[in-house]
1. Of the peptides A:80-86, B:93-99, how do they stack up when ordered by the mean number of other Cβ atoms within 10 Å, highest first?
2. Just give me a number: lysine pairs in the protein assembly as shown, eight or more positions apart or cross-chain, with C-alpha atoms less than 14 Å apart.
3. Exposure proxy check: A:Phe39, A:Phe28, A:Phe34, B:Phe101 ranked by fewest other beta carbons within 10 Å?
4. Could you tell me the center-to-center distance, by alpha carbons, between the stretch B:1-48 and the stretch B:49-111 in angstrom?
5. Report, as an integer, the average count of C-beta atoms from other chains found within 10 Å of each Cβ along B:58-71.
6. Gaussian network model of chain B, Cα springs within a sub-10 Å range: biggest mean-square fluctuation belongs to which of B:Ala92, B:Ala29, B:Ala63?
7. Using 0.36 nm per residue of separation minus the Cα-Cα distance, give me the extension gain between A:Ser15 and A:His85 in nm, one decimal.
8. Using a 10 Å cut-off around each Cβ of peptide A:40-52, what is the average number of partner chain Cβ atoms that fall inside?
Amino acid sequence: GAVVSQHPSWVICKSGTSVKIECRSLDFQATTMFWYRQFPKQSLMLMATSNEGSKATYEQGVEKDKFLINHASLTLSTLTVTSAHPEDSSFYICSVGQHQETQYFGPGTRLLVL
Amino acid sequence: GENVEQHPSTLSVQEGDSAVIKCTYSDSASNYFPWYKQELGKGPQLIIDIRSNVGEKKDQRIAVTLNKTAKHFSLHITETQPEDSAVYFCAAMDTGNQFYFGTGTSLTVIP
């Protein structure tokens, strides 16, 4: 399967700052990447679908101005949490996948906003 | 849209015993059903999957069965080992390529 990396794996920031999370597909040209968030002991919640070269598609209830997604190449998508607040603290996971195929997940990024 | 339910939420078994996790889905058009294992602090890892044109698939100690008529699918782990302890998620993919995840099952294998 595809190998997906995320950076950073851990980030602690002050409230009001912005945080950028990178998702890289190391051996797979990903025209589509997905961003999920996961709260403790809960399932994965899809935030947005990131399409290379075009605007991301956000799920209902996800603020696109707060969670900025850029998918500038076939191997890199970034998620920027703008003006982060403590309620944004979560585990953010990206995945890559082709149409009608499985998704391969990155190792996740744990964000703690103080 | 699709709705995936997963049971049980927690499961404890003795080492060597079998574990079964069940999921149901609502959209009969869903055609792909993967299972993921997630260890603490890590991303989900695909362990087995099945497509709607197949009723059963096996990979060593892990098997998945699919009943399209009843719209449910199950994960079977035989001869469980402590390293099988993790959270397991089922998912269903609709024709629009979107994944819908179950709520997860925390499996504990007691040595």
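A short reminder: the numbers here are calculations on the coordinates, not readings from a lab. Source: prediction; values computed, not measured. Every residue, glycine as well, gets a Cβ built from its backbone with ideal geometry; the counts of neighbours run over all protein chains shown.
1. Final packing ranking: B:93-99, A:80-86.
2. Eligible lysine pairs with Cα atoms under 14 Å apart amount to 6.
3. A:Phe39, A:Phe28, B:Phe101, A:Phe34
4. So the two Cα centres are separated by 4 Å.
5. Details: counts 0, 0, 0, 0, 0, 0, 0, 0, 0, 0, 0, 0, 0, 0.
Other-chain Cβ atoms within 10 Å of each residue's Cβ, averaged: 0.
6. Result: B:Ala29 has the largest fluctuation of those listed.
7. Using 0.36 nm per residue and subtracting the Cα-Cα distance, I get 24.7 nm.
8. So the per-residue partner count for this stretch is 3.
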